[in-house]
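Trainee: Got a structure for you, written out below as structure tokens; questions coming shortly.
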């Protein structure tokens, strides 16, 4: 009986993995493997130009062809994937951990702490996120760190709002009250009651946040405000290859496909569509 | 009986947001100014007198005149004071007042935003209703699949793909720029599809919920036809979450305007902002970012008021 209850609770919290989610995980794992072992398999330098062989069609030597400067597309796409995925991971860590911690803190103390932090979060999102990132990126143009700090600064709010709202409900529940009255340490209360409750939701927030980070970097690269051209970044590659659509339409579509696959994988692995 | 009028409250809240937007834009622009390499006094003196006519004495005069030797916070206050009186300065690139530039660009940006919203409503509402009337049906599942895919395509990537298909391959629409109504189609489609990707699911959920409600059953039982029940009761109730959701989408819309305008070389504010950042034209960056931020606040206010208009329950007695 209690076993059944337990398993019911668990399925309620961790929904059964369905086909789209499985597909998302497979795509994500595939991307990760490509990024880790791909550069060795391709064996080409992403920055090495070869002006005698620009815009080549895919061949044994160049698996996905070469771009307008004769650089190997496969190597450049992989290098771009490395940049995008590491940034996505970094944004999850640097926006997610402080965001969640501040959210729980806000719910735990309430009162003026809560109001002050809430007002700060509202102020950050008074401007649409990308606008703020654009302006911050303009303070130090071409700097990877300014770009990345701007993205983290806007992304933590989502974690904050979610964890604060959930933590308020959990912390005021009779179960937590009982644990407090029993004199259990705060650490244990948070670990036993809060983590299982907000964990799955945080995964969703993290996946969408990572997708937003990947998209933002590519968008800024595309409009020539983010990462600078010699770097192999998907958005930058799209800008570089756009003028050559007539001669080699297959080239411009490659970074587009990479970007869409990455974002799609992140969306799918937490259950598809989410109301932004 | 000192209940605050919710209308006034909504106005005050959005007003406060507008002030916060102006503050953030002002402070970040000031930081941008400070981060510029070199001595600001020399730079401005060079701009005034020409590079050959400028010397240390003239730079010193400029420094005195503009108060560049004063402490950091005093300069920041002066900067924000100018902003508060809507003195946006002159564009460093065009040499014209920023406010004139923005005035011409504003119309184009609003046109694009309106076009995008119209496209998204034209797609999302019929699709959402069709899916919501038969949850789990074929339309519902197909629209879910399309929505997930569209949601994963960033606006600029979608723009590039649409340009390649419709402008380059099929030659149906012009590629970029603005010279006539046909130039509006691809940019608004790009932005509108992104909006519709999520809002059609919101319409669908709202319709499903309204179809399950007891008052719908009552309306049918009292003899109202299925069609009239749908039009008079279901759609009106379903429109409330949809309009609220359009408010959530405003951030996407403003971000999308910036990116999509750049993709299509659309002569609007977003395009100007990106160019100003690229050209280090700080007065223009500040002006355009401020304009976009204030449009965002204004659109949200419109949404607040629209919700009140649709739902009599939210109106104060």
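The numbers here are math on the coordinates, done by the rules we state, and not lab data. Note that this is a predicted model, so its numbers are computed, not measured. Note that we place each Cβ from the backbone using ideal geometry, even for glycine, and neighbour counts take in every protein chain shown.
Trainee: Using only C-alpha positions, report the orientation-averaged shadow area of the convex hull of the range A:146-276, nm², one decimal.
Mentor: With every direction weighted equally, the projected area is 10.3 nm².
Trainee: What is the mean number of Cβ atoms from other protein chains located within 10 Å of the Cβ atom of each residue in peptide B:155-164, rounded to a whole number? Please report the intermediate quantities before stating the final value.
Mentor: Details: counts 2, 12, 15, 2, 1, 10, 5, 0, 3, 6.
Average per residue, whole number: 6.
Trainee: Here is a further query. Viscosity 1.306 mPa s, temperature 10 °C: give me the Stokes-Einstein translational D for the range B:110-270 in µm²/s, with Rh taken as the Kirkwood radius over C-alpha pairs.
Mentor: Diffusion coefficient, whole number: 94 µm²/s.
Trainee: A further question on this structure: Using a Förster distance of 35 angstrom, determine the FRET efficiency expected from the C-beta separation of residue B:9 and residue B:80, and round it to 0.05.
Mentor: 0.85
Trainee: For the range A:163-213, what class follows from the C-alpha gyration tensor (a ≥ b ≥ c being the square roots of its eigenvalues): rounded when a/c is under 1.5, otherwise prolate if a/b is larger than b/c, else oblate?
Mentor: prolate
Trainee: Return the average number of partner chain Cβ atoms within 10 angstrom of each residue Cβ along peptide A:149-156. Kindly include the intermediate steps, with their values, before the conclusion.
Mentor: On the way: counts 0, 1, 0, 0, 0, 0, 0, 0.
That works out to 0 on average.
Trainee: For a label point 7 angstrom out from the Cα of residue A:168 toward its Cβ, which stretches of the range A:102-138 have the backbone nitrogen within less than 18 Å?
Mentor: Residues A:102-125 qualify, since their backbone N sits under 18 Å from the label point.
Trainee: Here is a further query. Could you order peptides B:254-262, B:229-237 by the average number of other Cβ atoms within 10 Å of their residues, highest first?
Mentor: Ranking, from highest mean packing down: B:254-262, B:229-237.
Trainee: Taking R0 as 30 Å, what FRET efficiency do you get between residue B:280 and residue B:248 from their Cβ-Cβ distance, rounded to the nearest 0.05? Before the final figure, lay out the partial values.
Mentor: Details: r = 34 Å, r/R0 = 1.12.
Efficiency at R0 = 30 Å is approximately 0.35.
Trainee: Still on this structure, please answer the following. What ranking do B:85, A:154 get, fewest neighbouring Cβ atoms within 10 angstrom at the top?
Mentor: Ranking B:85, A:154 by Cβ neighbours within 10 Å, fewest first, gives B:85, A:154.
Trainee: How many nm is it between the label spots at residue A:261 and residue A:93, if each spot is 7 Å from the Cα in line with the beta carbon?
Mentor: The two pseudo-label positions are separated by 2.6 nm.
Trainee: Shifting gears a bit: Across peptide B:275-282, what mean number of C-beta atoms from other chains lies inside 10 Å of a residue's C-beta?
Mentor: 3
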